[in-house]
Amino acid sequence: MDLEMEFRDLGRQYDRLKEEIDRRIAGVIASSHYISGPEVRELETALADYVGVKHCITCANGTDALTLACMAWGIGPGDAVFVPDFTFFSSGESPASLGAHIIFVDVEPDTFNMDPEKLAAAIETVKKEGRFTPKAVVAVDLFGQPADYDRIRPLCDQYGLLLLEDGAQGFGGEIRGKKACSFGDISTTSFFPAKPLGCYGDGGAIFTDNDAWAELLRSYCVHGKSAVSKYDNQRLGMNSRLDTLQAAILLPKLEAFRRAEVDMVNQVAGWYREALSDTDFVLPTVKEGFRSSWAQFTIRAPERLDRDAVQGGLKVAGIPAMVYYMKPMHLQGAFTGTGSEEADCPVTEALCSRVLSLPMYPDMTKEEVESVAKELCRL
Ligand SMILES: *Cc1c(COP(=O)(O)O)cnc(C)c1O
């Protein structure tokens, strides 16, 4: 059977929004205002309004967004930063690139997000050892579901730690109606094309209610400029801006996202649940009161099946499935020699050999979901 399915078909979304996106792109080109054009501020206002925070500062990508947040907090050598072991590399790369010591924390097997109990234990251990100062927690909203902020926030308050929400995959998620990217002291997201809200290249954004941090972030992302002039450089920063073209593309995409796409993708998740309910594949759990924006629909292969064989079987049927993630963060070569190899993260290690992310996007049809499920049932 030749299905030729795509893992995330962005062409269908473009077909829906083509008129408005093309009009917006043409407008930017006609204006020649390619950097910091009016669309950038328009988007920042719309994003802050959607998320429900005071400030939104756009930047070049989600990795820079994390790094800029860490720079605003002065994170560096001597600081311990707590990061989930099961995530995309950037979550740990950004604080580590500024010299922080990364403590990898194991995750919950059913939500894939940082385990608050293990976070508490890790903070206690760092405090007792006394080599590093516990400084910040990077909580990741993995695969679209917010981390457990009901339990992580009180821990941060108790220990005096800053909370950085890495919402690169979580944009559009909610806890009891409160939106992702509003849970951190600073929160970040990515507009990489395959994320829940993607642009047509690289892009990112930073959210905070704190006026002083917002001002620092605006400075750091443009060469440490002062509030009055780009050529008055107060600190060492970066060149990290969102192109006007990307902002123009994101404006109609954000409108469609808030109006329809989060609901559409949740319907697709519902179809998967229904179609896979009688199998022994383990389906992703969404906590009571939480809502996912389904950056990924990630199942776990049962013990009787080899995950790579499942992926191979789907591939033969024309169905692309991806392994997010193959390797625990604490075993990544970049962290060799930092003591990370000793991290105790058995849940992450087990997940890395069992997880498989299925095709998932708002425009996916019920028939397509059912054909994926049918192939899985044959394995
Ligand atoms: C994609 C991603 C990032 C980085 O975003 P980029 O825009 O690709 O730099 C950071 N954290 C997580 C969890 C991600 O999935």
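The values are calculated or read from the model by the stated rules, or taken from the named source; none is laboratory data. Note that this is a predicted model, so its numbers are computed, not measured. Every residue, glycine as well, gets a Cβ built from its backbone with ideal geometry; the counts of neighbours run over all protein chains shown.
Consider segment 152-170 and keep the residues that are outside any strand (DSSP E or B) and within 16 Å of the ligand (Cβ to nearest atom). The one that is surrounded by the most Cβ atoms within 10 Å (Cβ to Cβ) is GLY167. Take ALA96 and decide whether it is more than 10 Å from the ligand (Cβ to nearest atom) and farther than 23 Å from ASN239 by Cα. No. Close Cβ contacts (under 7 Å, 6 or more residues apart or on different chains) running from residues in segment 156-185 that are polar (S, T, N, Q) to residues that are more than 16 Å from the ligand (Cβ to nearest atom) comprise SER182/VAL51; SER182/GLY52; SER182/VAL53.
Being at positive phi and within 16 Å of the ligand (Cβ to nearest atom) is a description that applies to GLY144.
Within the option set LYS135, LYS127, being away from the ligand (no atom under 16 Å from the Cβ), in a strand (DSSP E or B) and not aliphatic (A, V, I, L, M) holds for one residue only, LYS135.
Here PHE297 passes the criteria (1) farther than 30 Å from LEU43 by Cβ; (2) within 16 Å of the ligand (Cβ to nearest atom); (3) among the hydrophobic types (A, V, I, L, M, F, W, C) except the one numbered (1). Scanning segment 314-346 for residues that are among the basic types (Lys, Arg) and free of Cβ contacts under 8 Å to residues at least 24 places away in the same chain returns a single hit, LYS315.
One line per residue, one yes/no per condition, for (1) free of Cβ contacts under 8 Å to residues at least 12 places away in the same chain; (2) crowded, with 18+ Cβ neighbours inside 10 Å; (3) in a loop (DSSP other than H, G, I, E, B):
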| residue | (1), (2), (3) |
| --- | --- |
| ALA248 | no, yes, no |
| SER277 | yes, no, yes |
| PRO284 | no, yes, yes |
| THR298 | no, yes, no |
| ALA309 | no, no, no |
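One residue is enough: does segment 65-80 have a residue meeting the conditions more than 18 Å from the chain's Cα centre (by Cα), among the small types (Gly, Ala, Ser) and closer than 23 Å to PRO146 by Cβ? Full working, then the answer.
Filtering segment 65-80 for residues more than 18 Å from the chain's Cα centre (by Cα) gives 71-80.
Now restrict to residues that are among the small types (Gly, Ala, Ser): 72, 74, 76, 78, 80.
Add one more test, that the residue is closer than 23 Å to PRO146 by Cβ, and what stays is 72.
Yes, segment 65-80 has at least one match.
Being more than 24 Å from the chain's Cα centre (by Cα) and crowded, with 16+ Cβ neighbours inside 10 Å: is that true of SER371 here? Judged against the criteria, SER371 is a match.
When GLU349 is tested against the conditions (1) free of Cβ contacts under 8 Å to residues at least 40 places away in the same chain; (2) charged (D, E, K, R); (3) in contact with a helix residue (DSSP H, G or I) (Cβ under 7 Å, 6 or more places away or on another chain); (4) not in a loop (DSSP other than H, G, I, E, B), the lone failure is (3).
Out of the strands (runs of 3 or more DSSP E) lying entirely within segment 27-124, which hold 1 or more residues that are under 26 Å from GLN296 (Cβ atoms) and out of contact with any helix residue (DSSP H, G or I) (no Cβ under 6 Å at 6 or more places or on another chain)?
Details: elements: 55-59, 79-84, 101-105.
Because the criterion is at least 1 residues that are under 26 Å from GLN296 (Cβ atoms) and out of contact with any helix residue (DSSP H, G or I) (no Cβ under 6 Å at 6 or more places or on another chain), the strands (runs of 3 or more DSSP E) in segment 27-124 that meet it are 79-84.
When GLY177 is tested against (1) within 18 Å of ALA120 (Cβ to Cβ); (2) surrounded by fewer than 24 Cβ atoms within 10 Å (Cβ to Cβ), just one condition goes unmet, and that condition is (1).
When you go through ILE57, ILE102, ILE35, ILE29 one by one, which is the residue that is out of contact with any Pro (no Cβ under 9 Å at 6 or more places or on another chain), among the β-branched types (Val, Ile, Thr) and within 15 Å of the ligand (Cβ to nearest atom)? Step through it out loud before you land on a result.
Values: ILE102 fails: out of contact with any Pro (no Cβ under 9 Å at 6 or more places or on another chain); ILE35 fails: within 15 Å of the ligand (Cβ to nearest atom); ILE29 fails: within 15 Å of the ligand (Cβ to nearest atom).
Unique residue meeting the criteria: ILE57.
Counting only residues that are surrounded by 14 or more Cβ atoms within 10 Å (Cβ to Cβ) and either over 25 Å from the mean Cα position of the chain (by Cα) or not basic (Lys, Arg) (or both), segment 1-37 holds 18 of them.
LEU216 passes every criterion in (1) buried (at least 16 other Cβ atoms within 10 Å of the Cβ); (2) among the aliphatic types (A, V, I, L, M); (3) within 19 Å of GLU19 (Cβ to Cβ) apart from (3). Within segment 181-200, the set of residues being touching a strand residue (DSSP E or B) at 6+ places or on another chain (Cβ under 7 Å) and within 12 Å of the ligand (Cβ to nearest atom) comprises SER187, THR188, THR189, SER190, PHE191.
Return the only residue of VAL107, VAL51, VAL126 being at pLDDT 95 or above and either touching a Gly at 6+ places or on another chain (Cβ under 8 Å) or under 29 Å from LEU242 (Cα atoms) (or both).
Details: VAL107 fails: either touching a Gly at 6+ places or on another chain (Cβ under 8 Å) or under 29 Å from LEU242 (Cα atoms) (or both); VAL126 fails: either touching a Gly at 6+ places or on another chain (Cβ under 8 Å) or under 29 Å from LEU242 (Cα atoms) (or both).
Result: VAL51 is the single residue among VAL107, VAL51, VAL126 that is at pLDDT 95 or above and either touching a Gly at 6+ places or on another chain (Cβ under 8 Å) or under 29 Å from LEU242 (Cα atoms) (or both).
Within segment 316-346, being over 18 Å from ASP115 (Cβ atoms), of a type outside the set (S, T, N, Q), at pLDDT 95 or above and part of a loop (DSSP other than H, G, I, E, B) holds for ALA317, GLY318, ILE319, PRO320, ALA321, VAL323, TYR324, MET326, LYS327.
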